[in-house]
Amino acid sequence: MKKRLSAALAAMLILGGCAPTFEKQDQVVQENQDSESKKAIIPNFQISNDYYKTMLPYDTSKTRGVVVNDLGSRYDINEIENGLLRVAQNRFSTNEYFFKEGQFLTKKMVDSWLQRKFTSEQLDEKGLKESENLGLNPVQTKGEDAPIYLAHIVEHNYLMKKKDDNKVTLGGVVIALSLNSVNYETNLSNGTRTVKNISNEVLKEQGAKMAGEVLKRMRENEDLQNVPIMIALYKQAPKQQVVPGEFFAYTTVQAGASTIENWEGVDEEYYIFPSPQAAENHPNDNKVFHELKKEIENYFPVFTGVTGEALYQNQKLTELNLEVALTFNGKTETIGFAQYLSNLIGKNAPESWEVELLIKSSYGPEALVVKKKGSKETYMHIYE
């Protein structure tokens, strides 16, 4: 799965047979929003068309690290970043654009936007000015239940190389609004807490309203007035779930436009194998998984378990992460087991699946098997 960058890099080394070479690199001038231009390098190497190239030196986001505080699950922390890369490809081709972490939203801005909107009376109580009343979450008054819908904001920038010179300029901005899928209500009289699900309809309504305000504020920045802006809505998973949430809608606002005309749906969902949900909704894929699991058990009965996390796009399984835990009994045994699993994946997994199988023990990762989408061939890496 794409979210495992380390695994992807390992696969890259396997495919190439050695470390990537950057002998052929383009040196360009990057035009920045602060009017200062600086030299940058575009590496010629690209893992695949599923990934964006990034320029060197690498510029980190001004909101780096904020996501860890705002999102309750590590699954969502990974997925909102990587899922946004998939959404961005609907507008920004990996062949024409280069990725850069967000440079326009600051930590202070994001923190203020995640607050509630305040009434004039609440502003007076808090000693705040109207100009500081920037919260995107709804006003809450006494005795009224007003969920916190917006949990986090992520920004990605996409750069493009000009055709007539050796300069790179901003080609577009992509924003993710991460929305809570549940509302936790606390009864002040007895201290009990209830959990209420928030429907997709409500999330889309609230997210669309916030997206309009985010677009308006971003267009106030002179550097963002004439570039395309995408805004995607992400449904965060409840804290107890062991799979991430998913993007469910996005909109593309063309350069110079200041209003959102329509929304496009995103059909993505994660499933855990084995699970009752996977067995009910995807019985054929569930059968393939259990056949694979059975063959592993027959070969190596003392292993401690196999689990899978599958990404479904448009109701079809496209990426499957498998983990096999075993009792470590020596490197030669691990190599033999990995070779057997590599052959098993190539034989059983459909060509349309991208599969990563990680073998791990109490000592850490032991081996990695990778099968790329559109192929039955597998590649194996043994960790030293």
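Annotations
- Options L317, L357, L322, L344; residue that is among the hydrophobic types (A, V, I, L, M, F, W, C), without any contact (Cβ under 8 Å) to a residue 60 or more places away in the chain, at negative phi and not in a strand (DSSP E or B): L344
- Of all positions in region 99-106, none carries a residue that is farther than 30 Å from P43 by Cα, open to solvent by less than 50 Å² (accessible area, probe 1.4 Å) and among the hydrophobic types (A, V, I, L, M, F, W, C).
- Only listed residue being open to solvent by 20 Å² or more (accessible area, probe 1.4 Å) and free of Cβ contacts under 8 Å to residues at least 12 places away in the same chain, chosen from A255, A279: A279
- V214 meets all of the listed conditions (1) more than 23 Å from the chain's Cα centre (by Cα); (2) within 22 Å of V154 (Cβ to Cβ) but one, namely (1).
- Helices (runs of 4 or more DSSP H) contained entirely in region 1-94, each with at least 3 residues that are modelled with pLDDT of 60 or more and not acidic (D, E): 66-70, 74-88
- Put simply, of E351, E366 the only residue that is modelled with pLDDT under 95, farther than 21 Å from Y270 by Cβ and not in a strand (DSSP E or B) is E351.
Here is a yes/no grid of residues against (1) open to solvent by less than 30 Å² (accessible area, probe 1.4 Å); (2) more than 20 Å from F337 (Cα to Cα); (3) basic (K, R):
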{"position": "F289", "(1), (2), (3)": "yes, no, no"}
{"position": "L292", "(1), (2), (3)": "yes, no, no"}
{"position": "E295", "(1), (2), (3)": "no, no, no"}
{"position": "N298", "(1), (2), (3)": "no, no, no"}
{"position": "Q313", "(1), (2), (3)": "no, yes, no"}
{"position": "L317", "(1), (2), (3)": "yes, yes, no"}
{"position": "T327", "(1), (2), (3)": "no, no, no"}
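- Checking each residue in region 216-240 for being crowded, with 21+ Cβ neighbours inside 10 Å and assigned to a helix (DSSP H, G or I) picks out only M218.
The values are calculated or read from the model by the stated rules, or taken from the named source; none is laboratory data. These figures come from a predicted structure and were not determined experimentally. Cβ sites come from the backbone with ideal geometry, for glycine too, and all protein chains shown count toward neighbours. For the accessible areas, the whole protein counts, side chains as well, though only heavy atoms, and no ligand, DNA or RNA atoms are used. Shrake-Rupley method; radii C 1.70, N 1.55, O 1.52, S 1.80 Å.
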